[in-house]
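K.L.:
Sharing a structure, written as structure tokens. Questions coming.
Readers should treat all values here as calculations from the given coordinates under stated rules, not as data from a laboratory. Please read these numbers as outputs of a predicted model, since none were measured by experiment. Here the Cβ positions follow ideal geometry from the backbone for every residue, glycine too, while neighbour counts run over all protein chains shown.
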Amino acid sequence: MIVFAGLDISLEETHVCVVDSNGKTLKEARVPTEPDAIVPVLQRFGESLKRIGFEASSLSPWLSNELTKHGLPAIIVEARHMAGALSAMRNKTDRNDARGLAQMMRTGWFRQVHVKSDDSHRIRVLLANRRMLKRKFLDIENAIRGTLKVFGVKMTRTTRGRFEEDLRERLREEDPVLQDMTECMLHARRTLYEEFQKCHRLVMQIAREDEVCLRFMTVPGVGPVTALSFKSCIDDPGRFRRSKTVGAHLGLTPKRFQSGTVDYNSRISKCGDPETRWLLVEAGNSILSNVRTWSVLKAWGMRLQKRLGHRRAAVALARKLSVILHRMWLEGSTFMPSNADLKARAI
């Protein structure tokens, strides 16, 4: 007898449902969200357990790895696909969600999510920490600039590194009381800025020591942060059969709606990782605005800009960059700026 299991995971508890090949419920349980509690419930079915499915969430990679270590066939299901499949159920409960997941495993009507490696997850944590620290110290700096404009203090002719020193010197001369009031904000900004610099240096070090990132950075507009973000997002280039699929995976392709006589394309889907998508669009902006070196990629983007405008050209370049980076990763090659170089490599 073949059986299937569905897990509805929450922070404290997990609902387990096991069904047979005919859809009959064999086991239901509610256990703590810990592998030591979930594994014994599932292991009693032995080799007859064919699939175990649960929704993609922040706990899913950890739980999937732990179940796989015990020889259990764990599968992470795409959240939007699962929500659509379970939307027909009258009552939304954790128990019913577990039942629905078990039935999805039985029928095979699900979309599996790729589980990234531990190294990719660690890089994602580093990039997220860097991004958060940068946003917070910029928020504090902008708050300081905005509140001091009331007193005519305009911090325009300064740099990020000299901002605190220049502000103190100016307030010391004009308004010592206001300097004391601003000191706590400057201290918070300095602490966040120093920690951001530590994260940034670590990102630079990892990118310079990684062979794949070094090849990515041969592409105009692609820097260390973009290269690391793309590598950790894709994780395994072999999971995409075609490089063109990467653009759709990152939400850089238009959505399509078709019903009867109505058929049109709308804006990009914006699915997938938003940070990597934003970095690729920024790389496209850089190619159009800042990169001076000629290449086939830049020429293509400039022609597109004249016809469609800057914003749409930048998004199109981002999609093309995702295809190029994936192909470079698979082939182990560097960026070829001209058609002659591409033909020479093909020969």
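K.L.:
What are the extents of the Cα atoms of region 148-272 along their three principal axes, listed from largest to smallest and rounded to whole Å?
P.N.:
Ordered largest first, region 148-272 gives principal extents of 69, 46, 24 Å.
K.L.:
For a footprinting-style exposure proxy, rank 240, 4 by other Cβ within 10 Å, fewest first.
P.N.:
With the fewest neighbours first, 240, 4 line up as 240, 4.
K.L.:
Tally Lys and Arg at +1 and Asp and Glu at -1 over the other residues with C-beta under 9 Å from the C-beta of residue 14: what net charge comes out?
P.N.:
-4
K.L.:
How far is the Cα center of region 238-303 from the Cα center of region 131-194, in Å?
P.N.:
38
K.L.:
Order of 184, 17 from fewest to most other C-beta atoms within 10 Å?
P.N.:
On the way: 184 9, 17 24.
With the fewest neighbours first, 184, 17 line up as 184, 17.
K.L.:
In sequence order, what are the phi-derived ³J(HN,Hα) couplings for region 232-243 according to the Karplus relation 6.51 cos²θ - 1.76 cosθ + 1.60 with θ = phi - 60°, rounded to whole Hz, with x for glycine and proline?
P.N.:
6, 6, 6, 6, 10, x, x, 7, 10, 5, 10, 5
K.L.:
Explain nothing, just compute: Karplus ³J(HN,Hα) = 6.51 cos²θ - 1.76 cosθ + 1.60, θ = phi - 60°, for every residue of region 18-33 in order, whole Hz, x for Gly and Pro.
P.N.:
Karplus values, whole Hz, x for Gly and Pro: 10, 10, 8, 5, 9, x, 7, 6, 9, 7, 9, 8, 10, 10, x, 7.
K.L.:
If you take the Cα Rg of region 16-167 and divide it by 2.2 N^0.38 Å, with N the number of residues, what do you get?
P.N.:
Working: Rg = 24.4 Å, N = 152, 2.2 N^0.38 = 14.8 Å.
The value comes to 1.65.
K.L.:
Spelling out what I want: for every residue of region 327-338, take phi, set θ = phi - 60°, compute 6.51 cos²θ - 1.76 cosθ + 1.60 (Karplus), and round to whole Hz; glycine and proline get x.
P.N.:
5, 4, 5, 5, 8, x, 10, 10, 6, 10, x, 10
K.L.:
Averaged across orientations, what area in nm² does the convex hull of the alpha carbons in the chain project?
P.N.:
Mean shadow area of the hull around the Cα atoms is 26.1 nm².
K.L.:
What is the order of 213, 271, fewest Cβ neighbours within 10 Å to most?
P.N.:
Details: 213 22, 271 16.
Starting with the residue having the fewest Cβ neighbours, the order is 271, 213.
K.L.:
Something else about it: So, R0 is 41 Å and r is the distance between the beta-carbons of residue 129 and residue 264; what FRET efficiency does that work out to, to 0.05?
P.N.:
Computed FRET efficiency for residue 129 and residue 264 comes out at 0.50.
K.L.:
Going by average Cβ neighbours within 10 Å, how do the peptides 82-89, 150-157 rank, with the highest at the top? Don't jump to the answer; show the numbers that get you there.
P.N.:
Details: 82-89: 13.6, 150-157: 10.0.
Highest mean packing first, the order is 82-89, 150-157.
K.L.:
Related question: Okay, helix-only estimate at 222 nm for the chain: each DSSP H run of n ≥ 4 adds -39500 (n - 2.57), divide by all residues, round to 500 deg cm²/dmol; what do you get?
P.N.:
-18500 deg cm²/dmol
K.L.:
Long-range amide H contacts for residue 56: which residues qualify at under 5 Å (H placed 1.01 Å from N, peptide plane, sequence gap of 5 or more or a different chain)?
P.N.:
HN-HN under 5 Å from residue 56: 77, 79.
K.L.:
For a quick check: with amide H placed at 1.01 Å from N, whose amide H comes under 5 Å from residue 51's, ignoring anything fewer than 5 positions away on the same chain?
P.N.:
5
K.L.:
For the chain, with only Lys/Arg (+1) and Asp/Glu (-1) charged at the beta-carbon, what is the dipole magnitude about the Cα centre, in debye rounded to 20?
P.N.:
With Lys and Arg at +1 and Asp and Glu at -1, about 1900 debye.
K.L.:
Return the long-range amide H neighbours of residue 14 (sequence gap of 5 or more, or a different chain), with a cut-off of under 5 Å between placed amide H atoms.
P.N.:
When sequence neighbours closer than 5 places are left aside, the close amide H contacts are 31, 33.
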